[in-house]
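Down below is the structure, laid out as structure tokens.
Rule-based calculations on the coordinates, nothing more; no lab input. Since we're looking at a predicted model, the values are computed, not measured. Methodologically, a virtual Cβ is constructed for each residue, glycine included, from the backbone with ideal geometry; neighbour enumeration extends over all protein chains shown.
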Protein chains: 2
Amino acid sequence: MATIEDVAKLTGLSRTTVSRVINNHPYVSEEKRKLVLEAMEKLGYVPNSSARSLRNQKTSILALFIPRITNPFFSELVEATEIAAAEYGYQLIICQTRYSPEKELNYMNLLKTKQVDGVILASIQNEWKKLKPFLQYGPIVLCNEFDDRANVPTVRLDQVYGGYIATKHLLEQGHTKIAYCSGGYRSNVAKSREIGFKKALAEYKVSFHEQYAFRDAFHIADGKRVFQKMMELSERPTAVFTGSDEVAAGIISEAVKCGYRIPEDLAVVGFDNQAITELTNPTITTVHQPVKQMAQKAVDVIVEKIQTKKYETKEIYEFPLQLIVRASTLGSKLHQREA
Amino acid sequence: MATIEDVAKLTGLSRTTVSRVINNHPYVSEEKRKLVLEAMEKLGYVPNSSARSLRNQKTSILALFIPRITNPFFSELVEATEIAAAEYGYQLIICQTRYSPEKELNYMNLLKTKQVDGVILASIQNEWKKLKPFLQYGPIVLCNEFDDRANVPTVRLDQVYGGYIATKHLLEQGHTKIAYCSGGYRSNVAKSREIGFKKALAEYKVSFHEQYAFRDAFHIADGKRVFQKMMELSERPTAVFTGSDEVAAGIISEAVKCGYRIPEDLAVVGFDNQAITELTNPTITTVHQPVKQMAQKAVDVIVEKIQTKKYETKEIYEFPLQLIVRASTLGSKLHQREA
DNA sequence: GAAACGAATGAAATCGTTTTCATACTTATA
DNA sequence: TATAAGTATGAAAACGATTTCATTCGTTTC
């Protein structure tokens, strides 16, 4: 493990000059520069990251908080974030909170101990007042998830609109008994979608019954469970809005198994536009989220905050969502009746 | 940002004593210990990671190399690795090589610059001789992917057996015209599966034609493409072995679109036992890989290597694979004829 | 009662960088 | 020609922890 001192000795120069060469600082003669570069090459010298971090008060590492990476939406977010971070020379540490407030707070210490230069929260498990104190140690940027009380940059998608267009699409197909599925009571993403969902219903003068709401659906298995619950209802819904394609796929899978025809007996709309939406039979109508753009923007913003050291600024960057119509909602019984 | 010096001053003690308290070292009186803990609390003091890393020559960070995280197999591997690492107090940096040897070598510098304590390679893009020199800087553990020339601990699955059981299953169904699909020429995982594939064919005295081989199939789209290619053949295969459930799903999706019945017209076997295998119609026969166990073992091993500092030891830990039979191979035309 | 030992503490060195400040030399400017 | 301005370099101080070594004090032990 050669150090800068070794390079200095080999060249007969000082550490200062070697450091200048490493960091491309001015005021080094071409002659000495070459000498240093040769010595570095010869010794296989590479600057030690920890020493640099300590001296520069900067680790070039970002932390990305997600509930779990096996959710394809978050996989895609991680992929895009890692690529964007790498462009700026940042490494990415993955923090899976697994929906646990304790785990989230624990990971937050990465900021406090200066192991990372900043935190991107793509999910939030604690009240903002619990997270806010960490702002004194470094920037926090919200990405995907958000909180109105949070006085930090937020990069998000227009989830109200997302819930609205998906639901409106079902209403346009003639449905009035529409169930609502989402993941998590805490999530403002889910809450916003529900606002959009209800807004669409209101516009069509369709009332909503709380028995049609399932707010604890995350996985495929939850989708299957939800379908069974819906079947137990005296008045079964003819369409269902879901907060993820996984849940939608679970519902469809279970429905088909029970002899239901999709969309004739039950129209299903998913969310995320995951690969799976084109592989199921029928294919799944869904809402596309511009994950790459969102991730890129979040990294752009946090890098800027790290540089300017202004962490408490409420800036909101919002990207639009897009409805992708596929087979799971088209040509439903109700629609055909009307035609 | 309080430092250890601040705590020392507030308590009237030395940095040494404070450090002893932080690290639970002996020879600190209960009285002083309390004093220090109170001061730490009062100042909101937390040890600085960079300073610790520098002094201890240890970052408590591991790097995990994968081609891309959106492949569900790797998502699962990342999830399990992150959890296992966290148990040991390690953070996980994600390195997506995107199948690029240059990117891989570049990420390897994390080891050289001491930004991480060890590297887990779940995919390999360079020849081993290019990677080997990095061993002088820290441990490398192979996990999933492997290389016979590599003199480092390897945690892997019995891929030859995996290829064998999947193919044997197809042969037992009466198939003789079996196509072979895999991802990557470089990968020894793929090569091993092919060995198992051919071993099964040989046992059943079935010959293999190179025109049935498609060795560049990674994604869903590749599966669709492969199906089209197969259709162009004068003698079409009646079954196909694939290296991933994504590819299998792609083939099935395209086949169904073209009016093919699965498995009657084409039996398909996937690999990985991803969630998708139970969502497609028909469900997909596949090979289950014990990813969690593998990840846990890889972390166990690398943590041990970091401690013992013995990096060049050829140890092989192998876990078994398991065939999961579902609808995409059962009751094929050939099988029914025989019955 | 002296020697030996263990417990409690601190001063200073160390980890490997970067940066500040000082110094020396060269060249341009008045 | 004296002065200012720029160029090139190095010594030493930081960054914030841990550890080595020395010192002091109290308690055994013979």
Considering chain B as a Gaussian network with a 10 Å cut-off on Cα pairs, which listed residue, B:ASN48, B:ASN23, B:ASN56, attains the greatest mean-square fluctuation?
-> B:ASN23
Rounded to the nearest Å, the spacing of the alpha-carbon centers of the stretch A:255-330 and the stretch B:185-208 is 40
Sorted by Cβ neighbour density within 10 Å, fewest at the top, the residues B:THR286, B:THR238 = B:THR238, B:THR286
Which one of A:SER100, B:LEU35, B:ILE83 has its Cα pushed farthest toward the positive end of the charge dipole of the protein assembly as shown, where Lys and Arg give +1 and Asp and Glu give -1 at the Cβ?
-> B:LEU35
Average beta-carbon neighbours from other chains, 10 Å sphere, peptide A:176-186 | 0
Find every distance from the label point of B:THR308 to the corresponding label point in the other copies (7 Å from Cα along Cα→Cβ) and write them in nm, one decimal, shortest first.
-> 5.3
Over the Cα atoms of the protein assembly as shown, Rg to Rh with Kirkwood Rh, two decimal places?
-> 1.02
Say we join alpha carbon atoms closer than 10 Å with springs in a Gaussian network model of chain B; which of B:SER29, B:SER53, B:SER253 then has the biggest fluctuation?
-> B:SER29
Helix-only [θ]222 nm of the protein assembly as shown, DSSP H runs n ≥ 4, -39500 (n - 2.57) each, per residue, nearest 500 = -13500 deg cm²/dmol
Hey, got the dipole for the stretch B:235-339? About the Cα centre, +1 on K and R Cβ, -1 on D and E Cβ, debye to the nearest 20?
-> 120
Taking +1 at the Cβ of each Lys and Arg and -1 at the Cβ of each Asp and Glu, which of B:THR283, B:SER244, B:GLN211 sits farthest along the dipole of the stretch B:195-339 towards its positive end, judged by Cα position relative to the Cα centre?
-> B:GLN211
What does the charge dipole of the protein assembly as shown about its Cα centre add up to, to the nearest 20 debye, if the Cβ of each Lys and Arg holds +1 and the Cβ of each Asp and Glu holds -1?
-> 1460
Per-residue HN-Hα couplings for the stretch A:117-126, Karplus 6.51 cos²θ - 1.76 cosθ + 1.60 at θ = phi - 60°, whole Hz, x for Gly and Pro?
-> 8, x, 10, 10, 9, 9, 8, 10, 10, 10
About the Cα centre of chain B, how large is the charge dipole given +1 on each Lys and Arg Cβ and -1 on each Asp and Glu Cβ? Please answer in debye to the nearest 20.
-> 820
Put a label point 7 Å from Cα along the Cβ direction on A:LEU43, then list its distances to the equivalent points in the other copies in nm, shortest first.
-> 3.4
List the equivalent ellipsoid semi-axes of the stretch A:46-92 in whole Å, largest first, each obtained as the square root of 5λ for an eigenvalue λ of the Cα gyration tensor.
-> 27, 11, 7
Karplus couplings for the stretch B:322-331 from phi (6.51 cos²θ - 1.76 cosθ + 1.60, θ = phi - 60°), rounded to Hz, Gly and Pro as x?
-> 9, 7, 10, 8, 10, 6, 5, 10, 8, x
The stretch B:4-47: relative contact order as a whole-number percent, Cα under 8 Å and 6+ apart | 42
Which loop-located chymotrypsin sites (Phe, Trp or Tyr not before Pro) does the stretch A:1-76 contain, where loop means any DSSP state but H, G, I, E or B and the Cβ has at most 11 other Cβ atoms within 10 Å?
-> A:TYR27
Distance violations [Cα-Cα > 31 Å] among B:LYS129/B:LYS305; A:LYS103/B:LYS297; B:LYS177/B:LYS292 = B:LYS177/B:LYS292
Amide H to amide H, which residues 5 or more places from A:THR285 or on other chains are under 5 Å from it, using H placed in the peptide plane?
-> A:GLY270, A:ARG326, A:ALA327, A:SER328, A:THR329
Amide H of B:ILE61: which non-local residues (sequence gap of 5 or more, or other chain) have their own amide H closer than 5 Å, using H built in the peptide plane?
-> B:GLN91, B:ASP117
Expressed in µm² per second, the diffusion coefficient of the stretch A:4-47 from the Stokes-Einstein equation, with Rh the Kirkwood radius over alpha carbon pairs, at 37 °C and 0.692 mPa s, is 331
Counting other Cβ atoms within 10 Å, which trypsin sites (Lys or Arg not before Pro) in the stretch B:204-242 have at most 16 and lie in a DSSP loop?
-> B:LYS205, B:ARG215
The stretch A:216-270: GluC sites (Glu not before Pro) in DSSP loop, at most 15 other beta carbons within 10 Å | A:GLU235, A:GLU264
For chain A, modelled as a GNM with alpha-carbon contacts under 10 angstrom, which of A:THR313, A:THR277, A:THR70 fluctuates the most?
-> A:THR70
Proximal aspartates and glutamates to B:LYS314, defined as alpha-carbon separation beneath 16 angstrom and excluding residues fewer than eight positions away on the same chain = B:GLU145, B:ASP147, B:ASP148, B:ASP300, B:GLU304
